[in-house]
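One structure is given below, encoded as structure tokens.
The values are calculated or read from the model by the stated rules, or taken from the named source; none is laboratory data. Quantities reported herein were computed from a predicted structural model and do not represent experimental measurements. Cβ sites come from the backbone with ideal geometry, for glycine too, and all protein chains shown count toward neighbours. To get the accessible areas, we keep the full protein, side chains included, count just its heavy atoms, and leave off ligands, DNA and RNA. Shrake-Rupley method; radii C 1.70, N 1.55, O 1.52, S 1.80 Å.
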Amino acid sequence: MSRETLHGWGRTSPTPAEVHRPAGLDDLRASVTATGGRGVLVRGLGRSYGDAAQNAGGDVLDLTGWTRILDLDVATATVTVESGASLDALMRAVLPFGLWLPVIPGTRQVTVGGAIAADVHGKNHHVRGSFGDHVLSMDVLLASGDVVTAAPEGPEAELFWATVGGMGLTGVVLRATVALKRVESSFFLVDTDRVPNLDGLLVSLSEGDSRYEYSVAWFDTATTGASMGRAVVTRGDQAPRAALPESDRADALRMSDRTLAAVPFSFPHGVVNRFTARAFNALWYAKAPRHRHGELQNLTQFFHPLDVVADWNRVYGSAGFCQYQFVVPFGEEAAFRTAVEMIAESDHVSSLNVLKRFGAGNRGLLSFPTEGWTLAVDLPVRPGLDALLRALDAVVLDAGGRLYLAKDSRADAATIARMYPRLDAFAAVRDRVDPDRRFRSDLARRLAL
């Protein structure tokens, strides 16, 4: 046990907590049932951007040592794994058997428990939904110390769908059984297209996404006028073994990409500013091919280019940054355009801007994805940012959209309550499984969850 100061990936609002690293189930159970008045929370690899994995003045359970793969059934393409295992480690374990995670978020440095708690999504939500859609069952340690098995259907289905997307507030996920998909390689055949403006981008994604499993667009939020929203669209599918050069086919399932560099210190505050962000946006757009089809890319190139640079969040300086991610329904393109204009015309700029199309959401009571357009932007913390984000909140609310709790660090309880219509149902599950609210977090207190 040690007292540590914790923050999210955005490095905003650090708070101290007593961090425990339980050696086994008995130790874990004792940590939960004997917790003090500030409650207890599980923390994985700390990739939630805001305060979701912090518990100021309370207890935090670090389960990143709980990494065992308990069963891998190649015949049924399922794996049972402890919740502290990272998606990176899990993928390395299953790939040699021609198996693959059906949903992968923007980083592999997320634990299985964290992927469930945030119900993470990837570039293929329009085809395969989010991570929780592929969890077959999970064992959850409740506030009482009891361990129950929850599945999408059955007597604990209510608990299951409160835990998927529930930000760790229903109990401790000990292990989960996850359905996998079969693949012939760890490579992708990727099409890249450059589009000149926001209108062209929305048309390109609307008309083309159905032809691909994976689709994402980076777009420019710093340029105004006729070129506002110019973008680079990358879409692709898993490459069959036959698509690889003959020299690579014998090792088609390799996953060798690891961290190549690290940001050793926090950059001075203000390095990411309107000038540097505009320059980066212009360079990123200019270097992309206008039209390139069938390029063979590996896992890291296509999914996780930032994973090769450890601690890249330090670039934003000691004040940190907010990743603002929202979704608005299809048919609310005018609201989406308004939000983009507000960002582009403000004094706040983002270099990392990601647009995707969501398919239908699942039954998770606090799950973020719902059918529509989802945008994520990284905005350095500086004076005036909160005013911009509150104005964006109003646009998103009026359009019937919502914010992603795993990215949020500053919304208020009233706003989130209006965005998540099943919040009362979530509270009812908590009343049943954790009536004393042992499981707490800074996010839960801020948003009255």
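A few notes on this one:
- Residues whose amide H comes within less than 5 Å of that of S137, counting only those at least five positions distant or on another chain, are T177 (H built at 1.01 Å from N in the peptide plane).
- Probe 1.4 Å, accessible area per residue of the chain, Å²: 38 Å²
- Here R422 and A279 are evaluated by their C-beta separation; at R0 = 60 Å the FRET efficiency comes out at 0.90.
- Helix content alone sets the calculated 222 nm mean residue ellipticity of the chain: runs of n ≥ 4 DSSP H residues at -39500 (n - 2.57) each, divided across all residues, give -7000 deg cm²/dmol.
- What the phi angles of segment 215-230 give under the Karplus curve with 6.51, -1.76 and 1.60, with θ = phi - 60°, is a coupling list of 8, 7, 10, 8, 9, 7, 9, 9, 8, 9, x, 5, 9, 4, x, 4 Hz, glycine and proline written as x.
- Length-normalised contact order for the chain - Cα pairs under 8 Å, 6+ apart - percent: 19 percent
- Student exercise, the chain dipole from Lys, Arg, Asp, Glu Cβ charges, in Debye to nearest 20: 700 debye
- Here the accessible area is traced with a 1.4 Å probe on the protein chains. For segment 140-238, carbon and sulfur cover 50 percent of it.
- Label point 7 Å beyond Cα of F267 along Cβ direction - residues of segment 298-333 with amide nitrogen under 11 Å: 312-318
- The distance from the alpha carbon centre of segment 23-85 to that of segment 110-149 is 12 Å, rounded to a whole number.
- Rounded percent of accessible protein surface that carbon and sulfur make up, segment 293-449, 1.4 Å probe: 52 percent
- Amide H contacts of F326 (H built 1.01 Å from N, in plane; Pro and chain starts excluded): L375 sit under 5 Å, all sequence-distant by 5 or more or on other chains.
- Table column - 3J(HN,Hα) (Hz), segment 5-19, Karplus curve with 6.51, -1.76, 1.60, x for Gly and Pro: 9, 10, 8, x, 5, x, 6, 10, 6, x, 9, x, 7, 8, 9
- Largest accessible area first, the listed residues H20, H304, H7 line up as H7, H20, H304 when surface is computed with a 1.4 Å probe on the assembled protein chains.
- In order through segment 304-313: 3J(HN,Hα) via Karplus (6.51 cos²θ - 1.76 cosθ + 1.60), integer Hz, x for Gly, Pro: 9, x, 6, 5, 7, 10, 5, 6, 5, 5
- Cα extents of segment 26-172 along the three principal axes, largest first (Å): 47, 33, 28
- Share of carbon and sulfur in the accessible heavy-atom surface of segment 1-132 [1.4 Å probe, %]: 52 percent
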